[in-house]
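Right, one structure below, let's go through it.
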Protein chains: 2
Amino acid sequence: MNTREVLFDRVALIGAGLIGSSLARVIRREHLANHIVAHSRRPETRTRLQELGIADTVARDVETAVNGADLIVISVPVGASGDIAEKIGPHLKDGAIVTDTGSVKKSVIRAMSPYLPDTAHFVPGHPIAGTENSGPDAGFASLFEGRWCVLTPSAETDQKAVGKVIQLWEAAGSKVDQMSAEHHDMVLAITSHIPHLIAFNIVGTVADLEDDTKMEAVKYAASGFRDFTRIAASDPEMWRDVFMENREAVLEMLGRFSEDLSGLQRAIRRGDAHGLETKFKRTRGLRRDVIDAEQA
Amino acid sequence: MNTREVLFDRVALIGAGLIGSSLARVIRREHLANHIVAHSRRPETRTRLQELGIADTVARDVETAVNGADLIVISVPVGASGDIAEKIGPHLKDGAIVTDTGSVKKSVIRAMSPYLPDTAHFVPGHPIAGTENSGPDAGFASLFEGRWCVLTPSAETDQKAVGKVIQLWEAAGSKVDQMSAEHHDMVLAITSHIPHLIAFNIVGTVADLEDDTKMEAVKYAASGFRDFTRIAASDPEMWRDVFMENREAVLEMLGRFSEDLSGLQRAIRRGDAHGLETKFKRTRGLRRDVIDAEQA
């Protein structure tokens, strides 16, 4: 790894939570940049970034942060992307590469593009990695190892800029894929957004139970519920934005999910044991596919 | 552990899948019985049990299996409990203790009780432990360690018999709780049965996707979907029975879940970001409760 070239002179990380701070750690460890600037809108996060020492400079203003940067990585709740783009647009140096790490791509592109100058290269991205923890203390350099990172540049995007972003994620240990923003949003709606929505929902249902039943639900969480509480511990602000910004695809996939659930409900109510078993058996194959895909 | 008394002279395990075979391994390791008889209705499982050597005798017939047994543990899909009880009832020795490990208690008690003679003691149980794997090869002696086991004996049950079943589970490393069958079924409906139903359901929804989207759902499973595929890989036959036998409580809890999900769906459709965030924030507290309960 020591022979790797320095990819960027100056990298600005806008947002330094789980994702941004993990990326700072990767860039530091792999010597991918000569200088790392980190910005957070929260004063307490900026203080913590100073203490952690994972960036060379901690910038108070987002405009200052991007000054002279070759690469700008935006890792904020996706609903804030447009505001950030509006603020940084006039301060980007010629040839700067702008990328982001948002879980939704179509709305982020729609919100940011109008504010980015033609002299900058926008390469939207989404590292499919995370934990239920948030904030700069939660980050770690190996977060992206072996995980996918999806890039959704338009056909007109400068290929050299795309190549540099690919190099960044590969240096983080990720496998990189490219697809349209629309396709990304639909695939992630069902693999990520709906599972999170469901987890938030069932944990909410339990939170509303009568006190003694709720206490016991917590006690016997290991029977299945536990996995859902972990997923539902994810950052509420980030996920609020995901659902607001990927509304269309989420509602489409939620519609399918709910139809299927009604089918199972009907089978249970009618005592259709055979139908239920048939449906349950189909799902084992997909588990094998997932495990095979991971080992491939 | 070497000073522990032998709890039973002869134990008969009816059903030797994940749970039954794990219990066989515990009983062997802890010397809880002088003789272990295992029975499975499947010839291939009986052959495998012989090969694994985790029981002293492998019985072909369930009637033979229970002959002279002091403890009979029934670990079969709950829908089969009644048939088993009918078959073994006339062959139970006086004072025999009958317990089971089914995930549903009310219907199992209703199905089994009429066939069990007054000379036997019935202590219904449910070890809250498991993995997504099934069959005798999937079992392991530490499966029950640190997990809860819920017993739901009636008020009239012989306390000495209950005490022996408690000793069995404590020897397996479990913590033992007692409650009514009805309460058990309601708590497990929301902590276990609904989470499994939802997992089966979303994996089914993905299985029905257009081919290219499905392929990518498998590829990007790590974004949240993966946990659901693991849960949905659980034994289809066992779970079919759980939903058939705990129909009432499952439909009650599913109703609450669906109402709550409609609320989230409406918030997404209307763009109610604040409402969504408020709902998501509530769930973090419950995660902490679960972790605290585990550490307690």
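Read-outs throughout are calculated quantities, based only on the coordinates presented, and are distinct from any laboratory measurement. Just so it is clear, the structure is predicted and the values come from calculations on it, not from any experiment. Using ideal geometry, Cβ is built from the backbone for each residue, glycine included, and neighbour counts are taken over all protein chains shown.
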Within a Gaussian network of chain B (alpha carbon springs, distance under 10 Å), most fluctuating of B:GLY17, B:GLY68, B:GLY163: B:GLY163
Shielding by partners - mean other protein chain Cβ count within 10 Å, residues of A:128-138: 1
Positive minus negative residues near A:SER134 (Lys, Arg vs Asp, Glu; Cβ under 15 Å): +2
Distance in nm between pseudo-label sites at B:ASP83 and A:THR47 (7 Å out along the Cβ direction from Cα): 6.7
R0 of 41 Å, Cβ-Cβ distance A:ARG270-B:ARG266: FRET efficiency to nearest 0.05: 0.90
Descending semi-axes in Å of the protein assembly as shown, equivalent ellipsoid built from Cα gyration tensor: 53, 23, 21
Averaged over B:180-190, number of beta-carbon atoms from partner chains that fall within 10 Å: 4
Efficiency of FRET from Cβ geometry, B:GLN178 and B:ASP94, R₀ 22 Å, rounded to 0.05: 0.30
Shielding by other protein chains, B:105-116, mean Cβ within 10 Å: 0
Cβ-vector label at 7 Å, A:GLU259, separations to other copies in nm: 2.6
Hz values of 3J(HN,Hα) by residue in region A:76-93 - Karplus curve (6.51, -1.76, 1.60), Gly and Pro given as x: 10, x, 4, x, 8, 4, x, 4, 4, 4, 4, 6, 8, x, x, 9, 6, 7
³J(HN,Hα), Karplus 6.51/-1.76/1.60, whole Hz, each residue of region B:142-158, x for Gly, Pro: 8, 3, 9, 5, x, 9, 7, 10, 9, 10, 10, x, 6, 4, 7, 5, 3
Reciprocal mean inverse distance between Cα atoms of region A:8-179 - Kirkwood radius, Å: 15.5
Residues of region B:71-94 with amide N under 16 Å of the 7 Å Cα→Cβ point at B:ASP61: B:84-93
Backbone HN-Hα couplings from phi across region B:249-258 [Karplus 6.51/-1.76/1.60, Hz, Gly and Pro as x]: 5, 5, 5, 4, 6, 5, x, 5, 4, 5
Euclidean distance of C-alpha centroids, region B:249-296 and region A:120-153, integer Å: 26
Mean ellipticity per residue at 222 nm, deg cm²/dmol - from DSSP H runs of n ≥ 4 across chain B, formula -39500 (n - 2.57): -15500 deg cm²/dmol
Cross-link pairs A:LYS93/A:LYS160; A:LYS214/B:LYS175; B:LYS175/B:LYS279; A:LYS106/B:LYS279 - those with Cα-Cα distance over 22 Å: B:LYS175/B:LYS279; A:LYS106/B:LYS279
GNM flexibility winner over chain B from B:LYS214, B:LYS160, B:LYS106 (Cα, springs under 10 Å): B:LYS214
Other-chain or far-sequence residues with amide H under 5 Å of A:GLY102's (modelled H): A:GLY125
Neighbour net charge for B:TYR220 - beta-carbon separation under 14 angstrom, K R +1, D E -1: -1
